[in-house]
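Since the structure comes first, as structure tokens, the remarks are kept for the end.
The values are calculated or read from the model by the stated rules, or taken from the named source; none is laboratory data. Here the structure is a predicted model, which is why all the values come from computation and not from measurement. Here the Cβ positions follow ideal geometry from the backbone for every residue, glycine too, while neighbour counts run over all protein chains shown.
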Amino acid sequence: MSQALKFHHLGIAVADFGQAVAFYTQALGFDVISGPFEDPIQKVKLCFLGHAAQSRSVVEIICPLHCDSPVNGYLAKGIGAYHVCYEVARLEETLGELRSKGCLVISNPVPAVAFGGRKIAWCFAPTRQVIELVESQTPSPRSPDGARETGNVPQSIEGAAELWMR
Amino acid sequence: MTYIDMDELKAAIASALHVPVDQVAEDSSGRTIPQWDSIGHMNLVLALEERFNTSFTVEEIMAMRDVATIRTILEGKRSSRAGK
């Protein structure tokens with residue numbers, strides 16, 4: 001890879017957001033780093049948790065907001081942890097590189113509320129894992145409110161809902 | 001239009017989804033084959049890319065919801081490749 005993939009977080013799907021956050025904070029000693037957020041594009045409620053002394057140990061708790069949320073498919077199969085997220089400097093360039101190395105790009109870049117409008121994208125690796133990428137640079141010019149950038153649902157995401165529910 | 005052999009396509013899909021080939025029909029989809037779920041779909045797309053030596057866009061991946069559509073997309077890609 002021409003640029004480093006920096007581990008960002010492990011994504012964990014949960015059915016009960018409050019119960020999951022309570023367990024991670026009270027039983028496992030995690031702290032809420034940011035959130036909760038509601039992302040209308042991904043159709044999820046989420047927050048990031050970590051240990052104060054371990055900045056690299058971050059988990060994302062993800063709960064479906066609607067019955068057609070993409071994470072419902074994982075929950076239906078009893079799958080919790082389902083994606084690893086990496087931060088990259090140039091998202092489009094990394095997507096192209098991953099594509100050339102046999103990864104499927106399953107969602108083109110879209111802004112994410114949880115990252116202040118920074119773009120995220122999704123891939124599926126030949127080793128059968130779901131990978132999320134988040135760009136490390138804030139888009140310029142920066143939106144004053146990342147949430148407002150998410151009003152238009154891209155066709156690829158909208159069309160993916162039925163597929164990812166299964 | 002460049003022809004894609006339906007039996008070859010059915011065999012590739014059956015292999016990727018780990019189902020008997022007689023379970024795959026032209027109108028088969030995720031609604032008729034339980035193994036054709038979200039992860040199964042990604043496995044299927046990867047297998048088809050390798051088998052038919054092609055690559056799919058995000059839009060094509062999301063459109064490939066049944067066997068007939070997959071065949072149409074593959075034939076379109078072969079035709080455009082043959083025309084170059």
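Assorted remarks:
- The single condition among (1) at pLDDT below 95; (2) more than 19 Å from the chain's Cα centre (by Cα); (3) of a type in the set (A, V, I, L, M, F, W, C) that A:Phe7 does not meet is (2).
- Test: residue in segment A:75-83 that is crowded, with 21+ Cβ neighbours inside 10 Å, among the β-branched types (Val, Ile, Thr) and either modelled with pLDDT under 95 or within 23 Å of B:Gly40 (Cβ to Cβ) (or both): no
- The listed residues are A:Ser55, A:Ser69, and the only one of them that is touching a residue at least 40 places away in the same chain (Cβ under 8 Å) and among the polar types (S, T, N, Q) turns out to be A:Ser69.
- Looking only at segment A:13-48, and only at residues there that are surrounded by fewer than 20 Cβ atoms within 10 Å (Cβ to Cβ) and polar (S, T, N, Q), the one that is farthest from A:Glu60 (Cα to Cα): A:Gln26
- Restricting attention to segment B:73-84 and to residues that are part of a helix (DSSP H, G or I) and not hydrophobic (A, V, I, L, M, F, W, C), the residue that is farthest from B:Ala14 (Cα to Cα) turns out to be B:Gly83.
- Among the residues of segment A:34-85, those that are among the charged types (D, E, K, R) and within 22 Å of A:Ala125 (Cα to Cα) comprise A:Glu60, A:Lys77.
- Residue pairs meeting the criteria (Cβ under 7 Å; at least 6 apart or on separate chains; first more than 24 Å from A:Lys77 (Cα to Cα), in segment A:13-31; second part of a helix (DSSP H, G or I)): A:Phe30/A:Tyr24; A:Asp31/A:Thr25
- Within segment B:53-72, one or more residues are at the interface with chain A (Cβ under 10 Å from one of its Cβ atoms), in a helix (DSSP H, G or I) and farther than 21 Å from A:Gln129 by Cβ.
- Within segment A:82-113, restricting attention to residues that are among the small types (Gly, Ala, Ser) and within 14 Å of chain B (Cβ to nearest Cβ), the residue that is farthest from B:Met42 (Cα to Cα) is A:Gly96.
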